[in-house]
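Novice: Handing you a structure now.
The values are calculated or read from the model by the stated rules, or taken from the named source; none is laboratory data. Keep in mind that what you see is a predicted model, and the values were worked out from it rather than measured. Methodologically, a virtual Cβ is constructed for each residue, glycine included, from the backbone with ideal geometry; neighbour enumeration extends over all protein chains shown. With ligands, DNA and RNA removed, areas are computed over all heavy atoms of the protein, side chains included. Shrake-Rupley method; radii C 1.70, N 1.55, O 1.52, S 1.80 Å.
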Amino acid sequence: MTNLDQSKPFIPLNIAVLTVSDSRSLADDKSGTTLAERIAAAGHRLAAREIVTDDVEKIQAQLKRWIADDGVDVVVTTGGTGFTGRDVTPEAVEPLFDKRMDGFSIAFHMMSYAKIGTSTIQSRATAGIAGTTFIFSLPGSPGACRDGWDGILVHQLDYRTRPCNFVEIMPRLDEHLKRGKAKA
């Protein structure tokens, strides 16, 4: 389905990975490792990798640091998208969005449904843009991270992908911020 325009250059992005978990460390964070390996294999740079507990304030604090960091273009979170009492990633992430990306969740669930059937409804995968930073929140399983990266993100984060991709609109993400300053 994806069409690459080989006449265009690949543009590496700076991508941070945030694992949300009460029980993982870098040594046993399979989902974060899955994402980090795929980011590198695609030719992007791993800008940072952190683990925070399932706590709205801690998740938001780390995300706000990366949103403010010009060295981070994209954040991919893994974990905390389910329905248990500790799953709070969407509650932490979505208030930070300037624009929500409903199509990401739809595409993720369509792809996931083909693999795990109705169990896909147990995920609240979400995505949006905060300032000039893309944020994608995937479930905490390595399989869901593989599916989200291989099926969606690797393509949309590649400037060569046709008919359109996120990289080509990155220079224009702050237009609303500049417009607000011009009015002041």
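Novice: Run the dipole for the stretch 11-182 about the Cα centre, Lys and Arg Cβ at +1, Asp and Glu Cβ at -1, nothing else charged, and hand back the magnitude in debye, nearest 20.
Specialist: 360 debye
Novice: Excluding residues fewer than 8 places away in the same chain, name every one of the aspartates and glutamates whose C-alpha is closer than 15 Å to that of residue 30.
Specialist: Cα-Cα hits under 15 Å: 22, 50, 147.
Novice: Separate question: Please compute the length gained on full extension between residue 5 and residue 28, using 0.36 nm multiplied by the number of residues separating them and subtracting their Cα-Cα distance.
Specialist: 4.5 nm
Novice: Are any of the pairs 58/99; 8/64; 64/115; 64/99 more than 24 Å apart by Cα-Cα distance, and if so, which?
Specialist: 8/64; 64/115
Novice: Tell me which label goes with the value of P(r) over Cα pairs in 10 Å bins from 0, in percent computed from the coordinates here: [x] 9, 38, 37, 13, 2, 0; [y] 11, 42, 36, 10, 1, 0; [z] 8, 29, 23, 16, 10, 7, 4, 2, 1, 0.
Specialist: Of the listed options [x] 9, 38, 37, 13, 2, 0; [y] 11, 42, 36, 10, 1, 0; [z] 8, 29, 23, 16, 10, 7, 4, 2, 1, 0, [x] comes from this structure.
Novice: If packing is taken as the mean number of other Cβ atoms within 10 Å per residue, what is the order of 41-50, 109-118, 135-144, highest first?
Specialist: Per-residue Cβ counts within 10 Å, averaged per peptide and sorted highest first, yield 135-144, 41-50, 109-118.
Novice: Over the stretch 17-139, what relative contact order in percent results from Cα pairs under 8 Å that are six or more residues apart?
Specialist: 27 percent
Novice: Provide the per residue accessible area, probe 1.4 Å, for the stretch 11-182, rounded to a whole number of square angstrom.
Specialist: Value for the stretch 11-182: 47 Å² per residue.
Novice: So, one more: Probe radius 1.4 Å, ligands and nucleic acids ignored: give me the carbon and sulfur share of the accessible area of the stretch 11-182 as a rounded percent.
Specialist: 54 percent
Novice: Follow-up. I want the antiparallel fraction of DSSP beta bridges within the stretch 1-127, as a percent rounded to 5.
Specialist: 0 percent
Novice: Magnitude of the Cβ-charge dipole of the stretch 35-118, K/R +1 and D/E -1, about the Cα centre, nearest 20 debye?
Specialist: 260 debye
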